[in-house]
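Participant: Questions regarding the structure given below will be posed in turn.
The values are calculated or read from the model by the stated rules, or taken from the named source; none is laboratory data. What you are looking at is a predicted structure, and each value in this text was computed from that prediction instead of being measured. Cβ: placed from backbone, ideal geometry, glycine included. Neighbour counts: every protein chain shown. Keep in mind that these areas ignore ligands, DNA and RNA; they rest on the heavy atoms of the full protein, side chains included. Shrake-Rupley method; radii C 1.70, N 1.55, O 1.52, S 1.80 Å.
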Amino acid sequence: MHRPLDFIRERVQADNAAGTYAGRVQTRFPPEPNGFLHIGHAKAVCLNFEVAAENGGACRLRFDDTNPEGEDAAYAQAIADDIAWLGFEPDGRAVHASDYFEHLYQWAEHLVSEGLAYVDDQDAETISATRGDFSTPGVESPCRDRSVEENLSLLRDMRAGRYDNGEKVLRAKIDMAHPNMLMRDPVMYRIRHIPHFRTGDAWCIYPTYDWAHGQSDAIEGVTHSLCSLEFDAHRQLYDWFLEHLPLPGDRPRQYEFARLNLTHTVMSKRKLITLVTDGLVDGWDDPRLPTLRGLRRRGYPPEAIREFCAHIGVARVNGVHEIELLESFVRTHLNRTAQRRMAVLRPLEVFITNWPRWDRPVEHRSAVNNPEDPPAGNRLVPFTERLWIERDDFMLDPPRKFYRLAPGREVRLRAGYFLRCNDVETDSDGKVVRLWCTYDPDTGDGQAPDGRKVRATIHWVAADHAVDATVALYDRLFTDPVPGADGRDPLESYNPDSWELIADAKLEPELAKTAPGEVVQFERLGYFAHDSGTPMLFHRTVGLRDEWANIQKRRQQGS
RNA sequence: UGGCCGGUAGUUCAACUGGUAGAACGUCGGACUUUGGCUCCGGAUGUUGCAGGUUCGAGUCCUGCCCGGCCAGCCA
């Protein structure tokens with residue numbers, strides 16, 4: 001079943017049918033190199049690259065480096081890396097808005113010559129104050145009617161560095177009473193005596209976003225310029241500039257779509273910076289962050305992110321996606337690809353009293369690596385008389401619907417035998433410290449010859465062969481589905497329990513061979529990513545669907 | 001306060017552009033199962049923001065209202 005086309009693809013198709021750009025489709029992904037990409041950007045990356053690819057077109061990576069403050073090459077590199085990790089290859093080398101600074105400047109002189117732009121001496125406050133507001137028109141600048149010659153010479157002086165920061169700006173001459181505030185003589189150039197990470201000190205005037213973006217699109221031959229909804233009002237300006245310039249080719253068009261929002265997290269650059277600088281998270285690649293680097297460290301497969309983006313589609317409605325939907329794509333992908341292993345996070349000792357320790361101190365059991373992928377084969381797991389099992393898999397006094405181990409109960413050990421709990425050893429506080437059990441030697445194939453059934457299969461690790469590891473468990477970064485809803489500070493709903501470290505997890509020996517960055521499934525627990533820097537540190541990517549947890553949750557909430 | 005853009009199951013999107021509303025995730029129930037996973041089957045949830053109007057017929061067109069988002073940076 002194919003999804004119907006979204007409004008952007010519909011438009012592209014219509015343009016192709018009408019021969020608008022002679023069948024050519026070109027897009028671009030235009031980040032500013034002043035921060036890291038997050039999953040919201042991934043949506044735009046997927047859209048731009050996929051729309052181009054679907055139509056045999058090209059998509060470039062273009063850095064929107066029009067404001068030297070805060071921008072630098074390290075961010076640009078990180079962004080390029082993240083795009084590559086996501087699985088996209090930009091057309092050609094990355095380009096930059098700064099590549100067009102000279103071209104832009106010539107065009108600015110052209111507009112000045114046409115009487116469509118002027119140099120304004122007013123300072124920022126004055127310009128702001130005279131812009132008017134939603135109900136009152138702005139006041140025209142006293143500089144608005146300067147002659148072309150004077151404007152040209154002033155603009156050249158601006159470029160030559162004869163003025164201080166903020167002393168003059170170049171403005172488009174449009175309409176100070178326009179209902180769209182962006183059309184009230186918008187600023188095109190501002191003076192900033194700051195070195196730029198690519199052009200050095202070649203320039204001291206820098207183009208604004210509005211003056212650079214559409215023109216860059218036109219220079220590159222972009223046909224469909226896709227951006228987020230908040231640029232909707234800018235489209236009018238985008239078109240105005242392009243209409244008044246001698247373009248080298250077809251005129252690009254801007255289309256806006258809703259950016260991606262996810263529950264229980266924040267996406268705005270400012271809020272993410274706060275989290276990092278306030279030490280609420282551990283750097284830009286903290287696995288709880290929605291940054292691509294964070295998700296990567298957490299073990300999210302790029303394919304899952306792409307599938308998620310394809311699934312949510314593109315529309316003009318601003319909404320919030322449930323993080324659970326993203327997680328379901330992660331699970332679906334990892335279920336097919338991740339190898340299964342056994343790990344015990346909260347160990348409880350099991351002693352098997354009838355194990356033939358003298359004949360067989362250790363038996364190597366064969367375990368399936370991935371039932372969803374038979375070619376992944378099998379591995380051997382040591383089994384001994386002393387095992388670790390999960391504390392949660394045993395209850396002294398089991399409630400209804402608890403199928404796991406309890407006094408007198410029998411369960412199956414995964415890839416092992418049936419195990420019966422005969423006796424429980426507790427310490428002086430009543431805490432269970434050891435289970436005395438027996439195994440059934442006739443159940444080595446997982447079945448009982450007499451046909452008796454068990455309700456549960458639990459995982460285990462041989463105590464004397466266990467490998468120690470540190471396991472980090474993660475929960476939602478924010479407790480509120482929409483942090484900062486109704487105007488409150490998002491940080492108020494920061495979840496202090498979003499992170500838990502288990503220092504003494506017990507892992508099956510095979511896990512010592514896990515490659516850096518590899519994601520495996522700890523059976524019955526979830527998917528875990530081996531840290532790429534710290535050996536034997538595992539991050540929980542996402543848990544498995546857990547019906548027992550659901551039953552407990554329902555019990556807590558309801559009746 | 002003016003302009004623009006939106007409003008369809010809990011959530012995100014559909015509905016061939018006027019013919020009595022569907023999918024995915026979630027949820028509930030069942031089957032299967034050496035992961036309470038996976039897979040499969042089935043159920044529930046909507047006065048399509050509200051009120052009028054046009055029409056044989058409106059989620060689709062018109063009018064008014066309500067609600068949400070964006071816009072008054074020399075940020076992008």
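Participant: Quick one: with all protein chains in place, what share of the accessible area of chain A is carbon or sulfur, to the nearest percent (1.4 Å probe)?
Facilitator: In chain A, the share of accessible area belonging to carbon and sulfur is 48 percent.
Participant: Kirkwood Rh and Cα-based Rg: tell me the resulting Rg over Rh for the stretch A:415-454, rounded to two decimals.
Facilitator: Reported Rg/Rh (Cα atoms, Kirkwood Rh): 1.16.
Participant: Work out the FRET efficiency for residue A:157 and residue A:479 from their Cβ-Cβ distance, taking R0 = 45 Å, and round it to the nearest 0.05.
Facilitator: According to the calculation, E is roughly 0.20.
Participant: Could you work out the local net charge near residue A:59, counting Lys and Arg as +1, Asp and Glu as -1, over the other residues with Cβ closer than 12 Å to its Cβ?
Facilitator: Details: positive: A:28, A:60, A:62; negative: A:50, A:54, A:89, A:91, A:220.
It works out to a net charge of -2.
Participant: Quick one: putting +1 on the C-beta of Lys and Arg, -1 on the C-beta of Asp and Glu, what dipole do you get for chain A around its Cα centre, in Debye to the nearest 20?
Facilitator: On the way: 69 positive and 88 negative charges, 403 e Å.
In debye, rounded to 20, chain A gives about 1940.
Participant: Charges on Cβ only, +1 for Lys and Arg, -1 for Asp and Glu, centred on the Cα centroid of the stretch A:1-142; of A:21, A:31, A:78, which one is farthest towards the dipole's positive end?
Facilitator: Comparing the listed Cα positions along the dipole, A:21 ranks first.
Participant: Any chance you could run the full-extension gain for residue A:445 through residue A:376? It's 0.36 nm times the residue separation minus the Cα-Cα distance, nm to one decimal.
Facilitator: That pair, residue A:445 and residue A:376, stretches by 22.8 nm at full extension.
Participant: To check you understand DSSP bridge types, tell me what percent of the beta bridges within chain A (both residues inside) are antiparallel, rounded to 5.
Facilitator: Restricted to chain A, the bridges split so that about 70 percent are antiparallel.
Participant: Against the longest principal axis of chain A, how steep is helix A:39-54, in degrees 0 to 90 to the nearest 10, with axes from Cα atoms?
Facilitator: It works out to around 70 degrees.
Participant: Follow-up question, since we're still on this one. Report the full-extension gain for the segment residue A:386 to residue A:346: residue separation times 0.36 nm, less the Cα-Cα distance, to one decimal in nm.
Facilitator: Full-extension gain reported as 12.9 nm.
Participant: Something else: Could you state the angle between the C-alpha long axis of helix A:7-18 and the longest principal axis of the C-alpha atoms of chain A, as a value from 0 to 90 degrees rounded to the nearest 10?
Facilitator: On a 0 to 90 degree scale, this one is about 50.
Participant: Using bins 5 angstrom wide from zero, how does P(r) for the stretch A:360-500 break down, in % of all Cα pairs?
Facilitator: The calculated distribution, bin by bin, is 2, 8, 13, 15, 14, 14, 10, 8, 7, 5, 3, 1, 0, 0.
Participant: Right, here's the next one. Kirkwood hydrodynamic radius, the stretch A:59-162, all distinct C-alpha pairs: what's the number in Å? Walk me through the intermediate numbers first.
Facilitator: On the way: mean 1/r = 0.0585 Å⁻¹.
One over the average 1/r among Cα pairs gives 17.1 Å for the stretch A:59-162.
Participant: Give the dimensionless ratio obtained when the Cα radius of gyration of the stretch A:178-325 is divided by 2.2 N^0.38 Å.
Facilitator: So the stretch A:178-325 has a normalised radius of gyration of 1.31.
Participant: Also, quick follow-up: Could you calculate, for chain A, the ratio of the Cα radius of gyration to the Kirkwood radius, expressed as Rg to Rh?
Facilitator: 1.12
Participant: Sticking with this one: How much area per residue is accessible in chain A when the probe is 1.4 Å and only protein heavy atoms are counted (Å²)?
Facilitator: With all protein chains present, chain A gives 46 Å² per residue.
Participant: Oh, and also: Taking the dipole about the Cα centre of chain A, with the C-beta of Lys and Arg at +1 and of Asp and Glu at -1, give me whichever of A:520, A:300, A:277 is farthest to the positive side.
Facilitator: A:520
Participant: Between residue A:122 and residue A:250, what FRET efficiency comes out of the Förster formula 1/(1 + (r/R0)^6) with R0 = 56 Å and r the beta carbon distance, rounded to 0.05?
Facilitator: 0.95
Participant: Using a 1.4 angstrom probe and counting only protein chains, how large is the accessible area of residue A:277 in Å², to 10?
Facilitator: 100
Participant: Sort A:460, A:388 from largest to smallest accessible area, using a 1.4 Å probe on the heavy atoms of the protein chains.
Facilitator: Result of the area sort, largest leading: A:388, A:460.
Participant: On C-alpha positions alone, give me the angle between the axis of helix A:101-113 and the longest principal axis of chain A, in degrees, nearest 10.
Facilitator: Helix A:101-113 and the main axis of chain A meet at about 40 degrees.
Participant: Between residue A:13 and residue A:328, what FRET efficiency comes out of the Förster formula 1/(1 + (r/R0)^6) with R0 = 41 Å and r the beta carbon distance, rounded to 0.05?
Facilitator: Once the sixth-power term is evaluated, E becomes 0.85.
Participant: Determine how many Å³ per residue the convex hull of the Cα atoms of the stretch A:37-108 encloses.
Facilitator: It is 116 Å³ per residue.
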